[in-house]
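Here the structure is laid out as structure tokens; the discussion comes afterwards.
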Amino acid sequence: MRVMWRQIGLFLAVVALFGAVAWAQEIKNPDTVIWITHGSAETCDPHFSYDTASGEIIFNVYEALVRWPYGTVDANERDLSYSLDPAKLQPMLATEWEVSDDGLTYTFTIREGVRFQYVGVRKADGTIEWVDYDSLSPEEEKNIVPGYGELTPEDVEYSFERGMLQDRRGGPIWMLLEPLTGYSSLRSLVKAALGEDRYEEIGGDLHKLTPEEQKLIYEKYIDPAVEVEDGKVVFHLPKPYPPFITIVAHSGSWSSILDKEWCIEYAGCWDGKPDTWEKWWNPGGGEVAEESELFNIMNGTGPFKLAKWDIGVEIVFERFEKYWGGPAKIKYAIIKKTPEWSDRFLAFQAGDADIVTVPLQNLPQVEGLPGVVIHRRLPTLSMNPVGFFVAPVVVEGNDLLGKGPWDGLGIPPDFFADINVRKAFCMAFDYEGFIEQVLLGEGYKTHGPIPKAFDWAYYQPEEELLWQYDLEKATELMKKARNGEIWEKGFNLTILYNEGNETRRVAAEIFEANIESMNPKFQVEVRAVPWRTYLSYLVAGKMPFYIIGWLADYPDPHNFAHPFTHPEGTFPAHQGEYMISEIFEPYFRELVEAGMATTDLAERAKIYYEISKRAHEYAIDVWLPQAYGFRVIRDWLQGFPFNPIFPGPYFYPMYKAYE
């Protein structure tokens, strides 16, 4: 009898096992992870890139000196054991590093035996050809030219110097220039080095520098900042810069390590000479990404190669088989760009995507779907979305202003120079309604620019700086604006949003409804445009008001204070000359720079409190409600890394299986 019952038990167990497998959906494309999202990337150039969509590509192809520890949030696990503590950074292309006691010298030992994805091979005729390293047999590898595709300390030096000398307008290189030279831009450095008269003579155009002047700048400021000494890479800082080690970590594109020889000989990047760099400075005026040599080509040391970039459609990564850390578990990773949520939903529901970007208001559509896993309330390190005022906007070639002199059609270029208008917009947004109806209760009010994640630097009591929805007060302010002229004439304002971003669309429509309700002469149009078009309008200074977000580059309040309030910061640089000269320059520059002049946390906190107070006083931006993070994936996706500092999915540890 006991044997019989054991046999029956075994039979039932087998039935249960195979029954469970039968009910599970077949894993589609088992060797490929597909993320379906929206937002077209702007570039593949690590030193031009300063948008999240581009960073998502660069993050998987290029690597940095050190990396952040990450947890895992996948189909079966919610491990939040990531760290943002600089003391816990891990080796990547550097195996070890040390910081001098005075905080002025950082020394890195570079990992040996690392190859780039494309290497230089000597052909029979003596010329060098760049080929896919994976395609070479062991015998063919003997023809690789030393240094051509082999990671060296000189590659690291070149990568940082190229970034500092390119310094495209509105780009990320302030994060290298500021700690390494003491200046936030190459323009500022040149102005200080050559004098204001010479700077005015060239009109701030560094392309007009003589070879001698270029050489002086390079030899006095750029070259000494990063050197190869005794086979190690050494950074020399003019003064302590608390978050420097986090800036060179693997999360942002600017710290990517390039192959010097490939960049110069194949791609046509800066030739490494001290007196020629102006040719490569500020490509495309900072606006035309295609003008950069690395716009659509890549050669990194990371686990994936760029196989295809169909702009606005998809990015295809192929596994780097000879990756120094060992090949990835999946052969391909694909980022599909699908602006419409309904299309993303259908693809995800069918199992044709493993990760999906879901507008928060559409989250109920995926709840309870078979084979879908949702992780809620994940930590974030961002300010997204935020509404930005521009004054004045660029008039030439701007189709957002209306035609001819302002007569109630369109808006005047300096519309938002009036603080009454800015404050009225801050009061015309229904914050609580947005949280409840759009964020489905999964969000919170905040003031800026310092996120709540930095609790030691976030001003309290926060109620003193939180804007309240009050249409009556907003209306009174609009009546005062420009001595009543706006109320009398009216205006027609166009608010753009990047297509596919439903949260920003709804935010723009809330402004539309509430502003128009004040006065029938007030007209607001909300319009969707592709992400790359949106960025081009932003950089060109053509949008009077725009909504965009900010993901931390590195985990420090300075990374929010500078891009939001410093006159040379990412957003102020595109908020118009009035906002720069009348607000950001006189009221914020010294404060932002003072925040980095001390390592005393209490002193830094006081400075960030004051920055937040002034941001409220001058109504520099609209600090919209923030959403908690969440992740929607298929129940077969394993090994999905999590760290809120990451710009997007890091595909290397991922694989697909039922576990």
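The values are calculated or read from the model by the stated rules, or taken from the named source; none is laboratory data. Just so it is clear, the structure is predicted and the values come from calculations on it, not from any experiment. As a convention, Cβ positions derive from the backbone with ideal geometry for all residues, glycine included, and neighbour counts pool all protein chains shown. For accessibility, only protein heavy atoms count, side chains too; no ligands or nucleic acids. Shrake-Rupley method; radii C 1.70, N 1.55, O 1.52, S 1.80 Å.
The figures follow:
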quantity: Number of the condition not met by residue 363 [criteria: (1) within 21 Å of residue 74 (Cα to Cα); (2) free of Cβ contacts under 8 Å to residues at least 60 places away in the same chain]; calculated: (2)
quantity: Per-region count, the range 500-546, residues in contact with a Ser or Thr (Cβ under 7 Å, 6 or more places away or on another chain), open to solvent by 40 Å² or more (accessible area, probe 1.4 Å) and within 29 Å of residue 477 (Cβ to Cβ); calculated: 2
quantity: Output for the range 571-600, where each listed residue is free of Cβ contacts under 8 Å to residues at least 60 places away in the same chain, open to solvent by less than 10 Å² (accessible area, probe 1.4 Å) and aliphatic (A, V, I, L, M); calculated: 583, 592
quantity: Residues satisfying the stated conditions in the range 197-216, i.e. over 17 Å from residue 185 (Cβ atoms) and either touching a residue at least 12 places away in the same chain (Cβ under 8 Å) or touching a strand residue (DSSP E or B) at 6+ places or on another chain (Cβ under 8 Å) (or both); calculated: 211, 212, 215, 216
quantity: Residues located in the range 495-553, provided they are among the aromatic types (Phe, Trp, Tyr), under 17 Å from the mean Cα position of the chain (by Cα) and not in a strand (DSSP E or B); calculated: 531, 534
quantity: Members of the range 345-394 found to be open to solvent by less than 40 Å² (accessible area, probe 1.4 Å), closer than 30 Å to residue 576 by Cα and assigned to a loop (DSSP other than H, G, I, E, B), listed by number; calculated: 381, 390, 391, 393
quantity: Scope the range 36-52; condition open to solvent by less than 20 Å² (accessible area, probe 1.4 Å) and within 17 Å of residue 353 (Cβ to Cβ); matching residues; calculated: 36, 37, 39
quantity: Qualifying residue in the range 547-563 (condition: buried (at least 18 other Cβ atoms within 10 Å of the Cβ) and more than 30 Å from residue 64 (Cα to Cα)); calculated: yes
quantity: Scope the range 145-163; condition open to solvent by less than 20 Å² (accessible area, probe 1.4 Å) and either polar (S, T, N, Q) or modelled with pLDDT of 95 or more (or both); matching residues; calculated: 145, 149, 151, 155, 156, 158, 159, 160, 161, 162, 163
quantity: Residue count for the range 329-339, restricted to those that are more than 22 Å from the chain's Cα centre (by Cα) and either under 18 Å from residue 315 (Cα atoms) or loosely packed, with under 14 Cβ neighbours inside 10 Å (or both); calculated: 3
quantity: Condition check for residue 658: more than 25 Å from the chain's Cα centre (by Cα), assigned to a helix (DSSP H, G or I) and either surrounded by fewer than 23 Cβ atoms within 10 Å (Cβ to Cβ) or without any contact (Cβ under 8 Å) to a residue 60 or more places away in the chain (or both); calculated: no
quantity: Any hit, the range 165-173, residues being assigned to a loop (DSSP other than H, G, I, E, B), among the basic types (Lys, Arg) and open to solvent by 30 Å² or more (accessible area, probe 1.4 Å); calculated: yes
quantity: Matching residues in the range 61-76 - criterion: being open to solvent by 10 Å² or more (accessible area, probe 1.4 Å) and either hydroxyl-bearing (Ser, Thr, Tyr) or free of Cβ contacts under 8 Å to residues at least 12 places away in the same chain (or both); calculated: 70, 72
quantity: Residues (in a helix (DSSP H, G or I) and open to solvent by 10 Å² or more (accessible area, probe 1.4 Å)) located in the range 606-628; calculated: 606, 607, 609, 610, 613, 614, 616, 617
quantity: Residue identified as in contact (Cβ under 8 Å) with a residue 40 or more places away in the chain and either open to solvent by 20 Å² or more (accessible area, probe 1.4 Å) or of a type in the set (S, T, N, Q) (or both) among 58, 110, 128; calculated: 128
quantity: The one condition in (1) crowded, with 18+ Cβ neighbours inside 10 Å; (2) assigned to a helix (DSSP H, G or I); (3) touching a residue at least 40 places away in the same chain (Cβ under 8 Å) that residue 134 fails to fulfil; calculated: (1)
quantity: Scope the range 408-454; condition charged (D, E, K, R) and surrounded by fewer than 20 Cβ atoms within 10 Å (Cβ to Cβ); matching residues; calculated: 414, 430, 432, 436, 442, 445, 452
quantity: Residue pairs meeting the criteria (Cβ under 6 Å; at least 6 apart or on separate chains; first closer than 19 Å to residue 62 by Cα, in the range 305-318; second open to solvent by 60 Å² or more (accessible area, probe 1.4 Å) and among the charged types (D, E, K, R)); calculated: 305/318; 307/318; 314/336; 316/308
quantity: Pairs where the first residue, in the range 138-156, is over 13 Å from residue 121 (Cβ atoms) and the second is part of a loop (DSSP other than H, G, I, E, B) and modelled with pLDDT under 95, C-beta under 7 Å, 6+ apart; calculated: none
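This table checks each residue for (1) at negative phi; (2) outside any helix (DSSP H, G or I); (3) surrounded by fewer than 21 Cβ atoms within 10 Å (Cβ to Cβ); (4) not hydroxyl-bearing (Ser, Thr, Tyr).
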site: 300; (1), (2), (3), (4): yes, yes, no, yes
site: 308; (1), (2), (3), (4): yes, yes, yes, yes
site: 312; (1), (2), (3), (4): no, yes, yes, yes
site: 318; (1), (2), (3), (4): yes, yes, yes, yes
site: 327; (1), (2), (3), (4): yes, yes, yes, yes
